[in-house]
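**Student:** Sharing a structure with you now.
The values are calculated or read from the model by the stated rules, or taken from the named source; none is laboratory data. What you see is a predicted model; the values in this text were computed from it and never measured. Using ideal geometry, Cβ is built from the backbone for each residue, glycine included, and neighbour counts are taken over all protein chains shown.
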Amino acid sequence: MMLIWQLGKACYIREVMDIYPEPKPPYTSVASTVKNLQRKGYLQSTAKGVSYLYSVKISKDKYKSRFMQDWVKDYFHDSYRQMVSFFAKEQSISADDLREILEEIEKGR
């Protein structure tokens, strides 16, 4: 999705391939990923000859929210507590960060 947003409103798979960093995956892998994003409702397509032009159907913020919800569900059994605990144990989040998060929660943000 990041590459598609980088390209703008609409793009072809070939354009995604052109800006993909090295080492580039096979065209078929990118095409499969794009089609999965379409199936999930993140992209829409319009037939243009023998190709498809893909355009974004969801904002970055909405995508991020859905992505994170799915990620927490898949990797942390739908528990944000387990996720935060994991990062605390890995020392990826500091006590100060946790205090700030708690303040945000208490303020109702």
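**Student:** Can you report the number of residues in the range 86-99 which are surrounded by 14 or more Cβ atoms within 10 Å (Cβ to Cβ) and either basic (K, R) or not in a helix (DSSP H, G or I) (or both)?
**Tutor:** Within the range 86-99, residues that are surrounded by 14 or more Cβ atoms within 10 Å (Cβ to Cβ) and either basic (K, R) or not in a helix (DSSP H, G or I) (or both) number 1.
**Student:** Can you go through Q82, Q91 and tell me which one is among the polar types (S, T, N, Q) and in contact with a helix residue (DSSP H, G or I) (Cβ under 7 Å, 6 or more places away or on another chain)? Step through it out loud before you land on a result.
**Tutor:** Working: Q91 fails: in contact with a helix residue (DSSP H, G or I) (Cβ under 7 Å, 6 or more places away or on another chain).
Criteria check complete, one pass: Q82.
Residue by residue, here is whether (1) touching a residue at least 40 places away in the same chain (Cβ under 8 Å); (2) over 30 Å from I93 (Cα atoms); (3) assigned by TED's automatic domain parsing to the domain that holds I93 holds:
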position	(1), (2), (3)
R14	no, yes, no
P25	no, yes, no
L37	no, yes, no
Y42	yes, yes, no
S45	no, yes, no
K64	no, no, yes
W71	no, no, yes
F76	no, no, yes
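**Student:** Oh, and also: Of all residues in the range 38-73 being among the aliphatic types (A, V, I, L, M) and within 15 Å of the chain's Cα centre (by Cα), which is nearest to I4 (Cα to Cα)? Lay out the reasoning, then the answer.
**Tutor:** Narrowing the range 38-73 to residues among the aliphatic types (A, V, I, L, M): 43, 47, 50, 53, 56, 58, 68, 72.
Still in the running and within 15 Å of the chain's Cα centre (by Cα): 43, 56, 58, 68, 72.
Working: L43: 9, V56: 8, I58: 12, M68: 19, V72: 24 Å.
In this case the residue turns out to be V56.
**Student:** Limited to the range 41-85, what total is found for residues that are loosely packed, with under 13 Cβ neighbours inside 10 Å, among the small types (G, A, S) and in contact with a Phe, Trp or Tyr (Cβ under 8 Å, 6 or more places away or on another chain)?
**Tutor:** Residues meeting the conditions: 1.
**Student:** Being among the hydrophobic types (A, V, I, L, M, F, W, C) and in contact with a Lys or Arg (Cβ under 9 Å, 6 or more places away or on another chain) is the filter here, so list the residues in the range 26-59 that pass it. Full working, then the answer.
**Tutor:** We begin by selecting, within the range 26-59, every residue among the hydrophobic types (A, V, I, L, M, F, W, C); these are 30-31, 34, 37, 43, 47, 50, 53, 56, 58.
Selection gives V30, L43, V56, I58.
**Student:** Within the range 59-79, can you find the residues that are in contact with a helix residue (DSSP H, G or I) (Cβ under 8 Å, 6 or more places away or on another chain) and not aromatic (F, W, Y)? Even if it seems obvious, please write down each step before you answer.
**Tutor:** Taking the range 59-79 as the starting set, the residues that turn out to be in contact with a helix residue (DSSP H, G or I) (Cβ under 8 Å, 6 or more places away or on another chain) are 60, 72, 75-76, 78-79.
K60, V72, D78, S79 - these are the residues of the range 59-79 that are in contact with a helix residue (DSSP H, G or I) (Cβ under 8 Å, 6 or more places away or on another chain) and not aromatic (F, W, Y).
**Student:** Cβ contacts < 7 Å: first residue at pLDDT below 90, restricted to the range 87-101; second residue not in a helix (DSSP H, G or I), any location; separation 6+ or different chain. Result?
**Tutor:** F87/I93
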